[in-house]
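Step one of this worksheet: look at the structure below.
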Amino acid sequence: MPFVLIAPVLILLATLAVPFVYRSVWPGGVARPAPYFAVTVTLAIIIAVVAIAWFAQALIGIGISRPSPATAASSARAESMLRGRLITAGTVAVVIQYIVCYLTQVFLRR
């Protein structure tokens with residue numbers, strides 16, 4: 001299941017990409033980019049850690065270290081559940097990070 005190893009990296013990269021994409025897309029640029037990046041990248045790491053922890057919570061007790069050959073159906077079910085958790089965690093993390101970027105931009109304009 002390399003999916004389990006790649007998922008946390010995907011969540012982290014997606015969350016870290018939001019401040020840079022937001023800065024390049026924001027009309028007129030971002031006011032004071034240094035404090036903006038300091039705040040948003042720090043919060044992106046925290047948001048990603050929480051999302052990865054929620055994603056990884058599903059791995060407790062499903063036996064991914066040594067799965068039984070007789071559990072092909074439960075393995076497919078576990079993979080489906082992990083895929084759903086990845087989509088949910090990634091989407092929620094990116095949306096929360098977008099909100100953080102927006103609020104940081106609003107507070108830095110004042």
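Would you point out which residue out of L86, L13, L5, L59 is in a helix (DSSP H, G or I), at negative phi and at pLDDT below 85?
Values: L86 fails: at pLDDT below 85; L13 fails: at pLDDT below 85; L59 fails: in a helix (DSSP H, G or I).
Every option except L5 fails the conditions.
Looking at A53, is it surrounded by fewer than 13 Cβ atoms within 10 Å (Cβ to Cβ), modelled with pLDDT of 90 or more and part of a helix (DSSP H, G or I)?
Details: surrounded by fewer than 13 Cβ atoms within 10 Å (Cβ to Cβ): yes; modelled with pLDDT of 90 or more: yes; part of a helix (DSSP H, G or I): yes.
Here the answer is yes, as A53 does meet what is asked.
Restricting region 24-49 to residues that are touching a residue at least 40 places away in the same chain (Cβ under 8 Å) and assigned to a helix (DSSP H, G or I), which is farthest from Q97 (Cα to Cα)? Working first, answer last.
Filtering region 24-49 for residues touching a residue at least 40 places away in the same chain (Cβ under 8 Å) gives 26, 30-32, 35-36, 39-40, 43-44, 47-48.
Right, trim to assigned to a helix (DSSP H, G or I) and you get 35-36, 39-40, 43-44, 47-48.
Working: P35: 16, Y36: 13, V39: 11, T40: 8, L43: 8, A44: 6, I47: 7, A48: 9 Å.
Ranking the candidates gives P35 first.
Could you give every pair whose Cβ atoms fall below 8 Å, whose first residue belongs to region 85-110 and is within 16 Å of V39 (Cα to Cα), and whose second residue is at pLDDT below 95 and not in a helix (DSSP H, G or I), counting only separations of at least 6 or pairs across chains?
Every condition considered, the pairs that remain are Q105/W26; Q105/V30; Q105/A31; L108/V30; L108/A31; L108/R32; R109/A31.
Against the condition exposed (fewer than 14 other Cβ atoms within 10 Å of the Cβ) and either modelled with pLDDT under 80 or part of a helix (DSSP H, G or I) (or both), how does T104 come out, does it pass?
no
The values are calculated or read from the model by the stated rules, or taken from the named source; none is laboratory data. Bear in mind the structure is a predicted one, so any value in this text is a computation, not a measurement. A quick note on method: Cβ atoms are made from the backbone with ideal geometry, for glycine too, and the neighbour counts reach across all protein chains shown.
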